[in-house]
1. Report the Cα centroid-to-centroid distance between the range 187-265 and the range 285-317 in angstrom, as an integer.
2. Take the Cα gyration tensor of the range 138-352, multiply each eigenvalue by 5, square-root it, and list the three semi-axes largest first, rounded to whole angstrom.
3. Give me the distance in nm between label points sitting 7 Å out from Cα along the Cα-to-Cβ direction at LYS318 and LYS221, one decimal.
4. Going by a ≥ b ≥ c, the root eigenvalues of the Cα gyration tensor, does the range 56-106 fall in the rounded group (a/c under 1.5), the prolate group (a/b larger than b/c) or the oblate group?
5. For LEU47, LEU154, what's the fewest-to-most ordering of other Cβ within 10 Å of each Cβ?
6. Beyond 32 Å between alpha-carbons counts as too far, so tell me which of LYS160/LYS303; LYS63/LYS221; LYS237/LYS290; LYS45/LYS254; LYS70/LYS237 fall in that bin.
7. Quick one: grab the alpha carbon gyration tensor of the range 195-301, order the square roots of its eigenvalues as a ≥ b ≥ c, and give me rounded if a/c is under 1.5, else prolate or oblate depending on whether a/b is larger than b/c.
8. Based on the Cα gyration tensor of the range 24-143, what are the three equivalent ellipsoid semi-axes, each the root of five times an eigenvalue, rounded to whole Å and given largest first?
Amino acid sequence: MEASLSSGAYTAELQRFDRNSLSSPEKSCDTATEPSAVFVRSALKNLLTSFRHRSDWVGPWHKRGLMAFKYMLRSACVPLRHARFLSFVAAHPQMRAYQQRDPRMLERHNHRYMNVHSSLRERVEQVRQHYRFALTQLPSDLFELIYVFGYASLGCLSAKDGSLLTLFLRPPISNGCEGELYLQLCDSNEDPLYSIVFTVSDEEPAIRIGCLQGPRGEGAKELVRELTRNMYGMRPKQLMLSLVYAFANHYGIKQLMGVSNEAHPLRRKGRAIFSDYDAFWEEQQGQLTKGGWYALPSTPTHKSEAEVPSNHRSAFRKREAFRLQAERLLINALVQPIPKLPDFQVPERQKAKRPLRDLRVEASWVS
């Protein structure tokens, strides 16, 4: 079961994020700066509720108890902000449904997340702002497919050899720490080939990229070379970044940032690093800023056909057509209502969800 979208012309007007579009529960979360008796009671209720149905706390009882204690202790470091986040989740049925599927969402900010230099206060705000953006800007059915059911298929691309490649939007993996939205390029069996993971901030509109991951293991480099040939010479990582630029352009977001090698949350002292984010961001004309982020250009740089040697122009046109087709699939998902599943198919979809909980992302690779 999946929601496949037909391709169409990329003619949608830019969707600008307007904080005035926030619903009353969201506004109340933003304006609740002084504790009141009602707010304190509600915050306490939400906190106690957040200890229930924690399928992410696994192991014997004493281990689960230690996890609960750590959660309570870390949450107490930013009590008001954490209370506002829990209130935000409780105010939206879609967020409550997502919480049931992935209770780790309630405390992702309490752990390493996106950038090792981010404070706990910054992390909880990043997560809250992302879901506020997602609820107000993504089509409601698309939000549900991604975060409640576990994946949304955006459609298929035809590769040079005739095989099909599929684009997916997915939620974070279990214990993920690199962002809140996965954009994946998969093969015909829906196995991931390339992923880019990012989080959207809405107060000062920005996209933060925490992962750009290709295949790993034996034969990974050959697989990347074959995939590049099937994409008419376009590198997969370049396609994934182009799609994030298309997403940003659609919502009028001008600020894009990529995490540096030094600031990546999965960095391990003494362990081999299988990615070089710094080199890729610098190749994209990114500038290293304080805090471990590369500031990327607001618009991507694309060659014109006139800049390409005449004997390579045919391949260039095919490559550009492939990129534009991929961007159209993504934009169509952001502007078109996705057909709802018939009621009798919903249980089947819940069984068929593919949340990638078994995918362990311990190192990213962008070759």
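1. If you average the Cα positions of each part, the centres end up 14 Å apart.
2. For the range 138-352, the semi-axes come out at 26, 23, 19 Å.
3. 2.6
4. Details: a/c = 4.01, a/b = 1.31, b/c = 3.06.
Note, shape of the range 56-106 comes out oblate.
5. Values: LEU47 18, LEU154 27.
Lowest to highest Cβ neighbour count: LEU47, LEU154.
6. On the way: LYS160/LYS303 21 Å; LYS63/LYS221 40 Å; LYS237/LYS290 25 Å; LYS45/LYS254 39 Å; LYS70/LYS237 37 Å.
Pairs exceeding 32 Å: LYS63/LYS221; LYS45/LYS254; LYS70/LYS237.
7. oblate
8. Working: eigenvalues 96, 62, 49 Å².
Output for the range 24-143: semi-axes of 22, 18, 16 Å.
All of the numbers you see were taken from the coordinates with simple rules; none came from a lab. Note that the structure is predicted; figures quoted are calculated from it, not measured. Heads up, the Cβs are rebuilt from the backbone with ideal geometry, glycines too, and the neighbour counts pull from every protein chain shown.
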